[in-house]
Amino acid sequence: RSLPLREDSNGVSAAGLTKVPILNVEEALNVLKIGSLHRTTASTLMNMSSSRSHAVFSIRVSQFFEGNGDNDNATTSQIVFVDLAGSERVKK
């Protein structure tokens with residue numbers, strides 16, 4: 001199913017996505033596993049369980065420093081993993 005894109009003052013996002021707060025690596029891996037179970041797969045000539053859907057897994061990590069409580073004392077990083085359906089067709 002397609003997810004409609006929305007744009008607001010915070011940027012562009014896809015409607016219907018799920019944001020899950022996590023506190024450790026085990027929780028992140030569990031969320032990734034749950035998401036993988038919802039992907040659609042089908043057999044192709046190149047791969048017996050080829051993905052038929054795209055997947056995006058985004059991790060945002062924030063580190064807060066002791067101080068006066070404002071956002072100047074925080075550092076945030078984000079990494080986005082993207083798995084495109086059909087990408088296994090890349091010539092070897």
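So the values come out like this:
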{"item": "Residues located in region 14-42, provided they are modelled with pLDDT of 85 or more and surrounded by 10 or more Cβ atoms within 10 Å (Cβ to Cβ)", "result": "V20, I22, E27, A28, L29, N30, V31, L32, I34"}
{"item": "Top-ranked residue in region 43-81 [being of a type in the set (A, V, I, L, M) and within 11 Å of the chain's Cα centre (by Cα); ranked as modelled with the lowest pLDDT]", "result": "A55"}
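The values are calculated or read from the model by the stated rules, or taken from the named source; none is laboratory data. All values reported here derive from a predicted model rather than from experimental measurement. Reconstructed Cβ throughout: ideal geometry from the backbone, glycine too, with neighbour counts over all protein chains shown.
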